[in-house]
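Q: Structure below; questions to follow.
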Amino acid sequence: MNKSTEKREEGQALSAETIVAHDAVFPWGAVAPPIYQTSLFTFSSVEAMVERFSGKTDDPIYSRADNPTVVEFEKKIARLEGAEAARAFSSGMGAISSSLLSQAKSGDRIVCVKHVYPDAYRLFLKLFPRLKIQVEFVDGTDLTAVERALPGARILYLESPTSVVFEEQNLPEIVALAKKYGVMTMMDNSWATPIFQKPLACGIDLVIHSASKYISGHSDTVAGVVAGDKKWIEDMNERVVPYLGAKLSPFEGWLLLRGMRTLPLRMKQHQENGLFIAKKLAEHESVAQVNHPGLSAQESPTLQGYSSLFSIELKEHVSIATFCNRLKLFKLGVSWGGYESLVFPMEVGVRQAGKHNSLVEFGVSPRIVRLHVGLEGVNELWEDLSDALKDS
Ligand SMILES: *Cc1c(COP(=O)(O)O)cnc(C)c1O
């Protein structure tokens, strides 16, 4: 066992703060990982090539499958999630579709909780019927409904908290049900990040992230990653990774490693800023409801903290367009998880996506506005929101 492997294995028990700060040992003792900006890797002899192709070594061959900068990112995510292995993708959707397609086949049924990320929802509605994979949506907060749907299903797909309305599932209880019926579980953990929630520790089989969000933290890359037991990741490697080809580029792997240095620190500040703003909004006369897991009366069995993405429902007399247009620090845009505050009138976003296109059809109020609270001065952020709410 070489020195870097030894370190990595000890690293499993380390805190997130230490994991993000330390890497493998790189050539020349470089403290920042090199960007291996190369498509292929050459061999010194035919014998070395034969050894590699027969699986005796794991040297990189081609960057569609195993670029060392990307591998370093994958290892870091695996350590943060407490997983045996991880696999990076060119987007969160690449990670989601590759995970599902590595396990589901024609004739299978997938059970999915309501209000998942809208493009995952549309993947289920648009692509999967063409592959003859059936999808059944259930209310993830209703364990009786979940249990009714599970017998005979292939995969239970979760996202906790969900998109748009930020509803939590009780993961230990839902996992126990899935195990009872032998159903594999996959979960989107982009909202909480491994800093605030560790799905594998409560029995989820595969954890999925849009790394474009908090993991990157700088709104400068689109990426995804999946972590879990080796056998699931090997299934992905054998069945989908080389053929779908949704690989992460070395430069983006490097950006993610750099962004992750401050992930634990950023999450603490996002939590503080998000809760501050959410509580203020909950008391505001123009706000009908605040959907933030930190304001829920029930204590979460798995969340160890809260990120700063949540939604509000504005009262009927408030014009959503006027409110959004008046904001100065909260910029209008999709995505979230960066340093900057964002506002997103959900109805507009869902409508532009064509069919299956209204929040009502998605099962939520059309008066929902999503907020991402960034790392700016929190008093200025509140001033921005309360000014915009005046006379909107
Ligand atoms: C953004 C997002 C995704 C998709 O990720 P991309 O990197 O944009 O492909 C998946 N899940 C959730 C919860 C998201 O917010």
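The values are calculated or read from the model by the stated rules, or taken from the named source; none is laboratory data. None of the values given here were measured: they were computed from a predicted structure. Reconstructed Cβ throughout: ideal geometry from the backbone, glycine too, with neighbour counts over all protein chains shown. Protein only, heavy atoms only, side chains kept; ligands, DNA and RNA dropped before computing areas. Shrake-Rupley method; radii C 1.70, N 1.55, O 1.52, S 1.80 Å.
Q: List the helices (runs of 4 or more DSSP H) inside the range 288-392, counting only whole elements, that have at least 2 residues being open to solvent by 40 Å² or more (accessible area, probe 1.4 Å) and free of Cβ contacts under 8 Å to residues at least 12 places away in the same chain.
A: Counting at least 2 such residues, we get 346-352, 359-362, 378-389.
Q: While we're here: Could you identify the single residue in Pro161, Pro250, Pro199, Pro151 that is within 11 Å of the ligand (Cβ to nearest atom) and either open to solvent by 10 Å² or more (accessible area, probe 1.4 Å) or at pLDDT 95 or above (or both)?
A: So the residue among Pro161, Pro250, Pro199, Pro151 that is within 11 Å of the ligand (Cβ to nearest atom) and either open to solvent by 10 Å² or more (accessible area, probe 1.4 Å) or at pLDDT 95 or above (or both) is Pro161.
Q: Do we find a residue being within 30 Å of Met184 (Cα to Cα) and modelled with pLDDT of 95 or more anywhere in the range 43-54?
A: no
Q: Could you go through the range 180-196 and let me know if any residue there is among the β-branched types (Val, Ile, Thr), crowded, with 19+ Cβ neighbours inside 10 Å, near the ligand (Cβ under 10 Å from one of its atoms) and at pLDDT 95 or above.
A: no
Q: How about the range 31-63: which of its residues are of a type outside the set (D, E, K, R) and surrounded by 14 or more Cβ atoms within 10 Å (Cβ to Cβ)?
A: Selection gives Pro33, Pro34, Ile35, Tyr36, Thr38, Phe41, Phe43, Ala48, Met49, Pro60, Ile61, Ser63.
Q: For the range 246-302, which positions are under 30 Å from Thr38 (Cβ atoms) and in contact with a Ser or Thr (Cβ under 7 Å, 6 or more places away or on another chain)?
A: Hits for the range 246-302 are Ala246, Lys247, Leu248, Pro250, Glu252, Gly253, Trp254, Leu255, Leu256, Gly259, Leu263.
Q: Just a yes or no: is a residue in the range 65-73 within 16 Å of the ligand (Cβ to nearest atom), of a type outside the set (A, V, I, L, M, F, W, C) and over 30 Å from Ala145 (Cβ atoms)?
A: No: zero hits.
Q: Okay, next question. Scan Leu80, Leu150, Leu143 and give me the residue that is in contact with a Pro (Cβ under 8 Å, 6 or more places away or on another chain) and under 21 Å from Val175 (Cα atoms).
A: Leu80
Q: Here's something else I'd like to know. When you look at Glu283, is it open to solvent by 20 Å² or more (accessible area, probe 1.4 Å), touching a strand residue (DSSP E or B) at 6+ places or on another chain (Cβ under 7 Å) and over 24 Å from Ser160 (Cβ atoms), yes or no?
A: Against the criterion (open to solvent by 20 Å² or more (accessible area, probe 1.4 Å), touching a strand residue (DSSP E or B) at 6+ places or on another chain (Cβ under 7 Å) and over 24 Å from Ser160 (Cβ atoms)), Glu283 does not qualify.
Q: Would you mind finding the one in Ala88, Ala95 that is farther than 24 Å from Ala176 by Cα, assigned to a strand (DSSP E or B) and either out of contact with any Cys (no Cβ under 8 Å at 6 or more places or on another chain) or at pLDDT 95 or above (or both)?
A: The match here is Ala88.
Q: Another question, if that's okay. Can you name every residue in the range 85-123 that is at positive phi and more than 11 Å from the ligand (Cβ to nearest atom)?
A: Residue satisfying the conditions is Gly107 alone.
Q: Can you name the residue in the range 218-237 that is in contact with a Ser or Thr (Cβ under 7 Å, 6 or more places away or on another chain) and more than 13 Å from the ligand (Cβ to nearest atom) and, of all such residues, is farthest from Gly92 (Cα to Cα)?
A: Step by step, filter the range 218-237, then rank; the result is Asp235.
Q: Quick test of your reading of the structure: Phe128 fulfils all but one of (1) open to solvent by less than 10 Å² (accessible area, probe 1.4 Å); (2) within 16 Å of the ligand (Cβ to nearest atom). Name the failing condition by number.
A: (2)
Q: Starting from the range 25-49, take each residue that is under 22 Å from Glu72 (Cβ atoms) and list its partners that are of a type in the set (Phe, Trp, Tyr) and in a loop (DSSP other than H, G, I, E, B), counting only C-beta distances under 7 angstrom and pairs at least six apart or across chains.
A: Pro33/Phe26; Pro34/Phe26
Q: Considering only residues that are open to solvent by 10 Å² or more (accessible area, probe 1.4 Å) and of a type in the set (Asp, Glu), which ones fall in the range 64-122?
A: Asp66, Glu72, Glu74, Glu84, Asp108, Asp119
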